[in-house]
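The values are calculated or read from the model by the stated rules, or taken from the named source; none is laboratory data. If you're wondering where the values come from, they're calculated on a predicted model, not measured in any experiment. All Cβ positions, glycine included, derive from the backbone under ideal geometry; neighbour counts span all protein chains shown.
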Amino acid sequence: MTAEPRAPMLSERLMDLGRRALVIRRTGILIPFLVTFAALSLISPSFFRFQNLTNILDQQAGIIIVASAGTLVLIAGGIDLSIGAIYGLAGAVSAQVATSVSSPVGILSGLGLGLLVGLINGLIVTRFRINALIGTLAMSFVVSGFGAVLTKGNLVVAFDHPDFQQFAATRIFGITSAAWMMVIIATTIGILLARSTFGRYVYATGGNAEAARLGGVRVNTIRVATFALSGVAAAMAGVLDASRVLSAQASSGSFLTFTVLTGIIVGGTSILGGEGSIRRTVIGCLFVALVANGFNLLGLDPFYQQITLGVILLLAVGIDAWSRRFS
Amino acid sequence: MVALTQDVHLDIRGLGKSFGATRALDDVSVEVRSGSVHSFVGENGAGKSTLGKIVAGVFPPDQGQLVLRGTPVSFHSPRAALERGIALVAQEVALVPQLTVAQNVFLGVEPQRGGFIDRGRLLEQTERLAQDAGFDLRPNALVGRLSIAEQQQVEILRALGRDAELIVLDEPSAALSAKEVEHLHEIVRGLARRGHTVILVSHFLNEVLELADTVTVLRDGKVVQTNPAASETEASLIAAMLGRAAGRAYPDKRPPAPGTAVVLSVSDVHAPGVAGVSLEVRAGEIVGLAGLVGAGRTELARAIYGAAPATSAGMAAGVTTLPGSPSGSLRAGVAMIPESRKDDGLLLQRPVRENVSLTTLPIFDRLGFVRRGMEAEEVGSALTKVSGTPRLEAPASALSGGNQQKLMFARALLAKPNVLIADEPTRGVDVGAKRDLYRLLVEIAAQGVGVLLISNEIEEILGLSHRVVVMRLGSVTAEFEGAEMTEENILAAAFGTAPAAAA
């Protein structure tokens, strides 16, 4: 038999595709993000403006803060579906307390609530061994319900307390305090994840919980900590947004959960745990925001925006699954 | 049992099978006669289960041929084997617990009427099958509520319901009580009486001698002999299972001086699969823990390490009482290399450096952050010590099995343990890496660490251990030292056949 060059078999071609998917996942969302950024700069004259870009940053502040903490939860092998509900409750409570007591107390009470719910989430998942998806979904109903009861379903307004607005809307070098806080929080969590002992344990817990446990890692403590951080971050986002517009509605966070998860997953953090990074999440969230901003500036039908996002999300998850199968 | 006049049901010709570097079966040829009970016996890893599984289509052979009643066949799946009348009743039952007996028996081949399942016929046929086989099973009972013995009967019914003529029973009595075993034996005899052929894979020699017409002994993947059961005894079977594989170089033994301090002492440990075990390990001593698969060795190791809940009258490392959690055990100076490095040891996607330092991060911690330079240095030197590749930043998944295992050793060594529990440290590792690991175990012990070594390879245990503890059915049945440490004695104690030589 002579060695004829033969056509690659289907399985080989699939392997090849899988390897390419792995490369795509490693480089992450950075390239699509840069391409979109460049394209929008060329197509839309109003895109590459200080005003527009800082607006995007300001609007994404809350989402990126929640997504950074949510990335920790995902890497540790969990998921938190209650972030939207915490966001709504914390915003409403902080606005309420800011009007009735004072702004600092309002801010702290919002954050404290977030911490409390996060800790409860952690206990539900670890101590009571309830699946994170279901446990936090149930908690999202409970938390939303509390919010509705506390506010009687009304919009909470703090228009007569402009000092509350300073928390989110003070401009420093032309950029809002909300955006600055986002930068600081995302950077801190990023460094924590990449450099700290805690960060190592987060990766270990999600990568192989049994190996981590046998290696002496207190897996449950790590999980609880990620949920607690996620709760505080969601509350922070709620407080920031309430502060920015001086009003809040307890039911306002329902869409936030999905926006945040989309950002994290499009960024390339695996939904199966053990992998991911804050840098990816930030770029993922910004990419999603760019797509929305682009539709906006180009005057495209917003319905197509949702379809586009859905397809991007499917692609991101698909690439993750492919690269895992063949790596 | 006029063997000569019986025709051959299944002719196994020259089967070969490898798993990675391990040669599980090598040129295996056996004739299984119609209507006989044919037993495969051998040590752990001799290839008896693999042979049974190839016959039932669980995996295909690499070489060789199965000839079924004169026709060459090859099975790509258990389903294909079933279509040719061969069914496997596996060690672990494979039933749907939420379904009834009848639904499980006819799963996938339900009697139908007009596109719907004919429930009446389903119950009736199940009832009839159960009656024929002499089983006391209600067709409507939920399988999840049945005992393991009953679930096994459902599996047998499932095989019979598909007109299986050859039934492979893989370690059927391993999980049964004495009474249930008795009943199982009745069932096997009944099957043979009604003309079925039974292949019985078992490590209970008395069971084999009681039931089988023919016994094939396997060793290191090869057939040693196939003889009528009537001409065999337990002693003759054990003798056939013995024999040395190609010699492997073991380092010289350096047993600790008498009176060396005890570094691990446990008494009356109870855990799932462990029934009251006491043992001691001295500094510098390698204690081999031998036994059959399922004898409770891994369970004991996990209980000592605190990986699984356990009770005991006392567990201590040095002078520290073991606190019953992995993190506490590590602090008390006990490290464990788990049985399955992939499931219980490695973070496959993370770099080697992070894998090695996982248990010792607190050492490298400064104000909550990892001192990377120090970490890389220590991990690098630990890897060099175990003669592993210091490819610190490669993901653990990129390493060979041998290097992954060296990584696990490096992790354990970084913790500077007084006691090292090594559970199957050379599983799935090639010969060269095995030698490295043997040398490493001996060196670790020579530095004063007490080593508890679990291995399925008796040869390995004999080659490395200073003392051997044998477990059977969750208890320690024998302990051998010096000249008594022979393969014969260990096997006899592991199989529970002969009384251990008087100490």
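Quick one: how many residues across the range A:171-220 are touching a Ser or Thr at 6+ places or on another chain (Cβ under 8 Å) and among the hydroxyl-bearing types (Ser, Thr, Tyr)? Count: 2. Taken over the range A:289-298, the residue count meeting the criterion of being out of contact with any Phe, Trp or Tyr (no Cβ under 6 Å at 6 or more places or on another chain) and either loosely packed, with under 11 Cβ neighbours inside 10 Å or in contact (Cβ under 8 Å) with a residue 40 or more places away in the chain (or both) is 6.
Counting only helices (runs of 4 or more DSSP H) that sit completely within the range B:394-503, those holding 1 or more residues that are among the aromatic types (Phe, Trp, Tyr) and in contact with a helix residue (DSSP H, G or I) (Cβ under 7 Å, 6 or more places away or on another chain) correspond to B:401-414, B:431-446, B:487-495. Considering each residue of the range B:352-371 in turn, at least one proves to be farther than 18 Å from A:VAL217 by Cβ and either surrounded by 23 or more Cβ atoms within 10 Å (Cβ to Cβ) or of a type in the set (Lys, Arg) (or both).
Residues that are surrounded by 14 or more Cβ atoms within 10 Å (Cβ to Cβ) and within 14 Å of chain B (Cβ to nearest Cβ) were ranked within the range A:299-327; the one that is modelled with the lowest pLDDT is A:SER327. Determine whether B:LEU264 is outside any loop (DSSP other than H, G, I, E, B) and more than 9 Å from every other protein chain (Cβ to nearest Cβ). In short, yes.
Of all the criteria given as (1) of a type in the set (D, E, K, R); (2) loosely packed, with under 14 Cβ neighbours inside 10 Å; (3) touching a Leu at 6+ places or on another chain (Cβ under 9 Å), the one not satisfied by B:LYS53 is (2).
Selection within the range A:243-253: residues that are closer than 20 Å to A:ASP80 by Cβ and crowded, with 24+ Cβ neighbours inside 10 Å. The member of this set that is nearest to the other protein chains (Cβ to nearest Cβ) is A:GLY253. Residues that are without any contact (Cβ under 8 Å) to a residue 60 or more places away in the chain and not in a strand (DSSP E or B) within the range B:212-238 comprise B:ALA230, B:SER231, B:GLU232, B:THR233, B:SER236, listed in sequence order. Only one entry of B:VAL269, B:VAL217 meets the criterion of being of a type in the set (A, V, I, L, M, F, W, C) and within 30 Å of B:VAL334 (Cα to Cα), and that entry is B:VAL269. Here is a check on your reading of the model: is A:GLY274 out of contact with any helix residue (DSSP H, G or I) (no Cβ under 6 Å at 6 or more places or on another chain) and at positive phi? Against the criterion (out of contact with any helix residue (DSSP H, G or I) (no Cβ under 6 Å at 6 or more places or on another chain) and at positive phi), A:GLY274 does not qualify. If you scan the range B:380-414, which residues turn out to be hydrophobic (A, V, I, L, M, F, W, C) and surrounded by fewer than 20 Cβ atoms within 10 Å (Cβ to Cβ)? The answer is B:LEU392, B:ALA394, B:ALA398. Considering every residue within the range A:213-227, establish whether at least one is part of a helix (DSSP H, G or I), facing another protein chain (nearest Cβ under 9 Å) and aromatic (Phe, Trp, Tyr). No, there is no match, as no residue in the range A:213-227 is part of a helix (DSSP H, G or I), facing another protein chain (nearest Cβ under 9 Å) and aromatic (Phe, Trp, Tyr). You will find that of A:VAL149, A:VAL97, the residue that is touching a Ser or Thr at 6+ places or on another chain (Cβ under 6 Å) and surrounded by fewer than 24 Cβ atoms within 10 Å (Cβ to Cβ) is A:VAL97 and no other.
Being touching a helix residue (DSSP H, G or I) at 6+ places or on another chain (Cβ under 9 Å), β-branched (Val, Ile, Thr) and within 8 Å of another protein chain (Cβ to nearest Cβ) is a property that holds for A:THR197. From the residues in the range B:461-473 that are out of contact with any Phe, Trp or Tyr (no Cβ under 9 Å at 6 or more places or on another chain) and surrounded by fewer than 22 Cβ atoms within 10 Å (Cβ to Cβ), which one is nearest to B:GLU43 (Cα to Cα)? The residue in question is B:LEU473. Taking the range B:146-170 as the range and being assigned to a loop (DSSP other than H, G, I, E, B) and among the basic types (Lys, Arg) as the test, only B:ARG162 passes. The residues of the range A:189-238 that are more than 19 Å from A:GLY114 (Cβ to Cβ) and of a type in the set (Gly, Ala, Ser), listed by number, are A:GLY190, A:ALA194, A:SER196, A:GLY199, A:ALA204, A:GLY206, A:GLY207, A:ALA209, A:ALA211, A:ALA212, A:GLY215, A:GLY216.
When B:PRO60 is tested against (1) under 22 Å from the mean Cα position of the chain (by Cα); (2) in a strand (DSSP E or B), just one condition goes unmet, and that condition is (2). Output the residues belonging to the range A:166-191 that are within 14 Å of chain B (Cβ to nearest Cβ) and without any contact (Cβ under 8 Å) to a residue 24 or more places away in the chain. Of everything in the range A:166-191, those that are within 14 Å of chain B (Cβ to nearest Cβ) and without any contact (Cβ under 8 Å) to a residue 24 or more places away in the chain turn out to be A:THR188, A:ILE191. Of the helices (runs of 4 or more DSSP H) lying entirely inside the range B:268-363, those carrying at least 2 residues that are in contact with a strand residue (DSSP E or B) (Cβ under 6 Å, 6 or more places away or on another chain) and away from chain A (no Cβ under 12 Å) are B:297-305. Of the residues screened, B:VAL287 is not one that is without any contact (Cβ under 8 Å) to a residue 60 or more places away in the chain, outside the structural domain of B:GLU171 (by TED's automatic domain parsing) and among the β-branched types (Val, Ile, Thr). Figure legend. Inter-residue proximity from the range B:152-164: first residues within 10 Å of B:HIS196 (Cβ to Cβ), second residues of a type in the set (A, V, I, L, M, F, W, C) and assigned to a helix (DSSP H, G or I), beta-carbon distance below 6 Å, spacing 6+ or different chains. Indicated pairs: B:LEU160/B:LEU129.
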